[in-house]
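Here's the structure we're looking at; comments come further down.
The values are calculated or read from the model by the stated rules, or taken from the named source; none is laboratory data. Fair warning: this is a prediction, and the values are worked out from it, not measured in the lab. Neighbour counts run over all protein chains shown; Cβ positions are idealised from the backbone, glycine included.
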Ligand SMILES: NC(=O)c1ccc[n+]([C@@H]2O[C@H](COP(=O)([O-])OP(=O)(O)OC[C@H]3O[C@@H](n4cnc5c(N)ncnc54)[C@H](OP(=O)(O)O)[C@@H]3O)[C@@H](O)[C@H]2O)c1
């Protein structure tokens, strides 16, 4: 299989390159691209050292599939170019996720929506993938009536530049504190705020969760925050089911769905490099409403929340086409 990675020098692109070593895909050719700034850089890949080229129309001919690990505006420009050259695009950005004719896929949740012949497949937001993996088994058995969550998102979720900023703040600490500082801080919104007061990140989480769980009217409330953690996103999730279940029943159905359920809450320091979704502190909210439960969910945003899910989409697409 001939694979391209656009954005191969970024934090998700690099994770994807290294994950190819573990993939079931037989890679016969690997092409890597980024901006002109990175042109000519040699990077280590599981198949030997590889040159970074500039992303342009010459990048695509002859590829079977291209992973886009770039911003939404860059995907908007280059995904159609790949499509015109019969290259399937797996896009990590938010650009196409809500398009009706673009499947938004988490293979273990809605892999069956990957039909025949689609040229663009979207990879969800890094909070949404672990969230739907954790809740889909609950939805299937007990129904889902309402969902509220607050996120605690690591700095790597904002890309390499943001991570560099945190490293710099750590190096220079103590220094003058400033607005938007990561170190010793929590930022209570991610992305721009709309006229209703919702952040871009919160709207993405709501719309994508509804699309993947196939619950277009699911009542949801989300608060997304950035915390001074390098890698690993956590979320405090409260949900109301349609049918009462004991916490033991909910735990069992989640474990059967592959989620690692523990008594203690998963911690970001232990999540980096892990492929799993973890859930802890599952409890029934007896002081809230009937059928209300809370839990703490954690996953590696760069793997389960991005590169690993993209790779699993590619495998699902390749082996079932
Ligand atoms: N970080 C996460 O946890 C996460 C999770 C899920 C989804 N995502 C999404 O994945 C995408 C990549 O995120 P990231 O965190 O990896 O970002 P990043 O670290 O900032 O990397 C961005 C990549 O895009 C390249 N690039 C920038 N402008 C370009 C242009 N005009 N033409 C070609 N390449 C260009 C950069 O190349 P240079 O190095 O040459 O500048 C770099 O390789 C984004 O859409 C993001 O929302 C990220």
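Results, tabulated for the structure shown:
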quantity: Count of the range 10-36 residues which are in contact (Cβ under 8 Å) with a residue 40 or more places away in the chain and either more than 19 Å from residue 76 (Cα to Cα) or more than 7 Å from the ligand (Cβ to nearest atom) (or both); calculated: 8
quantity: Among (1) more than 16 Å from the ligand (Cβ to nearest atom); (2) farther than 26 Å from residue 304 by Cβ; (3) without any contact (Cβ under 8 Å) to a residue 60 or more places away in the chain; (4) assigned to a loop (DSSP other than H, G, I, E, B) - the single one residue 40 does not satisfy; calculated: (1)
quantity: Residues of the range 263-279 classified as buried (at least 16 other Cβ atoms within 10 Å of the Cβ), touching a helix residue (DSSP H, G or I) at 6+ places or on another chain (Cβ under 6 Å) and assigned to a loop (DSSP other than H, G, I, E, B), total; calculated: 1
quantity: Residues within the range 52-75 that are surrounded by 13 or more Cβ atoms within 10 Å (Cβ to Cβ) and within 14 Å of the ligand (Cβ to nearest atom), tallied; calculated: 15
quantity: Within the range 133-153, considering residues that are outside any helix (DSSP H, G or I) and away from the ligand (no atom under 14 Å from the Cβ), the one surrounded by the fewest Cβ atoms within 10 Å (Cβ to Cβ); calculated: 143
quantity: Residue within the range 94-111 that is near the ligand (Cβ under 9 Å from one of its atoms) and surrounded by 21 or more Cβ atoms within 10 Å (Cβ to Cβ) present; calculated: yes
quantity: Complete set of residues in the range 154-175 that are in a helix (DSSP H, G or I) and without any contact (Cβ under 8 Å) to a residue 12 or more places away in the chain; calculated: 161, 164, 167, 168, 171, 172
quantity: Hits in the range 155-171 - residues which are over 22 Å from residue 94 (Cβ atoms) and either at pLDDT below 95 or surrounded by 11 or more Cβ atoms within 10 Å (Cβ to Cβ) (or both); calculated: 164, 166, 167, 168, 169, 170
quantity: Residue satisfying all of: in the range 280-303; within 15 Å of the ligand (Cβ to nearest atom) and in contact with a helix residue (DSSP H, G or I) (Cβ under 6 Å, 6 or more places away or on another chain); farthest from residue 17 (Cα to Cα) among these; calculated: 299
quantity: Tally, over the range 18-37, of residues that are closer than 17 Å to residue 307 by Cα and in a strand (DSSP E or B); calculated: 5
quantity: Residue match in the range 173-182 (condition: touching a strand residue (DSSP E or B) at 6+ places or on another chain (Cβ under 9 Å), closer than 24 Å to residue 105 by Cβ and within 16 Å of the ligand (Cβ to nearest atom)); calculated: no
quantity: Residues satisfying the stated conditions in the range 269-304, i.e. touching a strand residue (DSSP E or B) at 6+ places or on another chain (Cβ under 6 Å) and either closer than 15 Å to residue 109 by Cα or in contact (Cβ under 8 Å) with a residue 60 or more places away in the chain (or both); calculated: 276, 277, 279, 291, 295, 296, 297, 298, 301
